[in-house]
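Enquirer: One structure follows; several queries about it will come next.
The values are calculated or read from the model by the stated rules, or taken from the named source; none is laboratory data. Owing to the predicted nature of the structure, the values given are computational and were not obtained by experimental measurement. Here Cβ is always computed from backbone atoms with ideal geometry, including for glycine, and neighbour counts include all displayed protein chains.
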Amino acid sequence: MTAQEQARLKSSFIYLANAVRDLTGNWQTFALTLGPLAFAAALCLMPDALNLQHQLMLFLSPGVHNVSLRAAQAIKNGPQASLPFSPWQTRLLHLIIVLLTLAVNLVVLCALSRIRAGVRENSALDEARAIYRRAWALVGPFAWVFLLQVFTTLVGLFLLVIPGVLAYVWLYFAQYAVVMDNQRSWPALLFSRELMRGRFFAVAARIVVFLAVWSGFNSWTGGAFVLVSWTLGIIGVVTGFLWAGMFAADLLATCVGYATIAFFFAAGARLYEDLNHARRTRLETSSAPALAPTESLGARPA
């Protein structure tokens with residue numbers, strides 16, 4: 001790897017800073033594209049929030065403190081029987097949330113691809129429609145590559161932990177390759193591996209930083225969701241607007257969660273772009289024609 005190629009990889013925080021610029025410079029487009037998905041995810045989170053609020057009301061109910069210890073233990077150990085929504089209902093909605101999150105990944109990558117290519121419609125609404133049309137055309141290839149990523153990573157984790165981690169890092173950019181370079185199926189996975197040739201540890205370090213910051217954001221978002229759900233739930237019970245309070249908390253949590261997805265995918269797109277540029281430079285260098293064979297000088301003039 002040449003010094004020029006090595007310099008192409010910036011520090012993790014430079015990629016994160018540039019991701020902020022990408023999102024703020026196109027905030028209307030991302031708001032219109034992610035808004036409907038966040039709204040749908042917030043509806044799917046409503047049963048969890050209402051179950052959580054119901055458990056809180058049981059715990060704080062004055063009647064619990066006035067009954068015998070046995071009855072209080074029965075309420076504490078068996079609140080699931082009286083939950084507003086059953087476990088199978090919430091699990092089904094959790095599956096829908098996973099599918100919505102995958103849709104967010106695809107939509108964000110399609111938006112970033114158009115930004116990187118300098119393609120844009122006249123209005124933000126038309127741009128959002130164009131992004132959804134592109135995302136719809138890529139649903140099949142994107143879902144198949146995602147399943148291949150998950151399968152390969154799980155096989156590596158099943159064999160040994162380290163191969164699974166290596167597989168995850170090697171295949172990290174497969175989804176980017178589907179959207180930004182029209183790669184399909186196994187070639188998308190191999191393309192992601194090719195991008196890291198000769199620079200695996202440098203790329204892995206940046207991915208680890210991305211994931212560490214991402215997990216921190218998600219932890220704060222999850223904690224804030226529980227706290228806000230309890231607070232707004234109590235206010236909703238007092239004022240009679242429980243559903244409105246719960247939905248406001250859900251919508252806020254999903255908006256923040258999907259915004260962080262867009263943020264870290266934007267940082268990953270910047271890193272992917274630099275790796276792809278270095279790959280093309282390496283291929284052009286290796287395919288340059290060799291020097292012409294030395295020709296005979298011929299007879300020297302008298």
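Enquirer: Of (1) at pLDDT below 85; (2) part of a loop (DSSP other than H, G, I, E, B); (3) within 18 Å of residue 139 (Cα to Cα), residue 149 satisfies all except one. Which?
Expert: (2)
Enquirer: Going by what's in this entry, would residue 134 be described as assigned to a helix (DSSP H, G or I), of a type in the set (D, E, K, R) and modelled with pLDDT of 70 or more?
Expert: Judged against the criteria, residue 134 is a match.
Enquirer: Out of the residues in the range 1-15 meeting the condition of being within 29 Å of residue 284 (Cα to Cα) and among the hydrophobic types (A, V, I, L, M, F, W, C), tell me which one is modelled with the highest pLDDT.
Expert: Start the filter on the range 1-15 by keeping residues that are within 29 Å of residue 284 (Cα to Cα), which leaves 1-12, 14-15.
Pick out the ones that are also among the hydrophobic types (A, V, I, L, M, F, W, C) and you get 1, 3, 7, 9, 14.
Numbers: 1: 45, 3: 42, 7: 44, 9: 73, 14: 85.
Only one residue fits best here, namely 14.
Enquirer: Give the residue, chosen from 178, 208, 145, that is touching a Pro at 6+ places or on another chain (Cβ under 6 Å), under 30 Å from residue 29 (Cα atoms) and not basic (Lys, Arg).
Expert: Details: 208 fails: touching a Pro at 6+ places or on another chain (Cβ under 6 Å); 145 fails: touching a Pro at 6+ places or on another chain (Cβ under 6 Å).
Answer to the selection: 178.
Enquirer: Answer yes or no: is there a residue in the range 253-268 that is modelled with pLDDT under 80, farther than 26 Å from residue 183 by Cα and either surrounded by 14 or more Cβ atoms within 10 Å (Cβ to Cβ) or out of contact with any helix residue (DSSP H, G or I) (no Cβ under 9 Å at 6 or more places or on another chain) (or both).
Expert: Within the range 253-268, the first condition is being modelled with pLDDT under 80, and the residues that meet it are 253.
Those still in the list that are farther than 26 Å from residue 183 by Cα too: 253.
So of that shortlist, the ones also either surrounded by 14 or more Cβ atoms within 10 Å (Cβ to Cβ) or out of contact with any helix residue (DSSP H, G or I) (no Cβ under 9 Å at 6 or more places or on another chain) (or both) come out as 253.
Yes, the range 253-268 has at least one match.
Enquirer: Continuing with the same structure: When you scan the range 77-92, do you find a residue that is surrounded by 12 or more Cβ atoms within 10 Å (Cβ to Cβ), closer than 27 Å to residue 251 by Cα and modelled with pLDDT of 80 or more, even just one?
Expert: Yes - at least one qualifying residue is present in the range 77-92.
Enquirer: Anything in the range 157-175 that is free of Cβ contacts under 8 Å to residues at least 24 places away in the same chain and either over 30 Å from residue 113 (Cα atoms) or among the aliphatic types (A, V, I, L, M) (or both)? List them, or say none. Steps first, answer last, please.
Expert: Residues of the range 157-175 free of Cβ contacts under 8 Å to residues at least 24 places away in the same chain: 157-168, 171.
The answer is 157, 158, 159, 160, 161, 162, 163, 165, 166, 167, 171.
Enquirer: Count, please, the residues in the range 98-114 that happen to be farther than 15 Å from residue 136 by Cβ and surrounded by fewer than 19 Cβ atoms within 10 Å (Cβ to Cβ). Steps first, please.
Expert: Applying the first criterion (farther than 15 Å from residue 136 by Cβ) to the range 98-114 yields 98, 101, 112.
Checking which are surrounded by fewer than 19 Cβ atoms within 10 Å (Cβ to Cβ) leaves us with 98, 101.
The qualifying residues number 2.
Enquirer: Sticking with this one: Any idea which of 119, 139 is modelled with pLDDT of 90 or more and more than 24 Å from residue 206 (Cα to Cα)?
Expert: Numbers: 119 fails: modelled with pLDDT of 90 or more.
That would be 139, the only listed residue that is modelled with pLDDT of 90 or more and more than 24 Å from residue 206 (Cα to Cα).
Enquirer: Given the residues 154, 112, 100, 125, which is the only one that is closer than 27 Å to residue 166 by Cβ and either touching a Cys at 6+ places or on another chain (Cβ under 9 Å) or touching a residue at least 24 places away in the same chain (Cβ under 8 Å) (or both)? Spell out how you get there, then give the answer.
Expert: Numbers: 154 fails: either touching a Cys at 6+ places or on another chain (Cβ under 9 Å) or touching a residue at least 24 places away in the same chain (Cβ under 8 Å) (or both); 100 fails: closer than 27 Å to residue 166 by Cβ; 125 fails: closer than 27 Å to residue 166 by Cβ.
Checking each option against the conditions leaves just 112.
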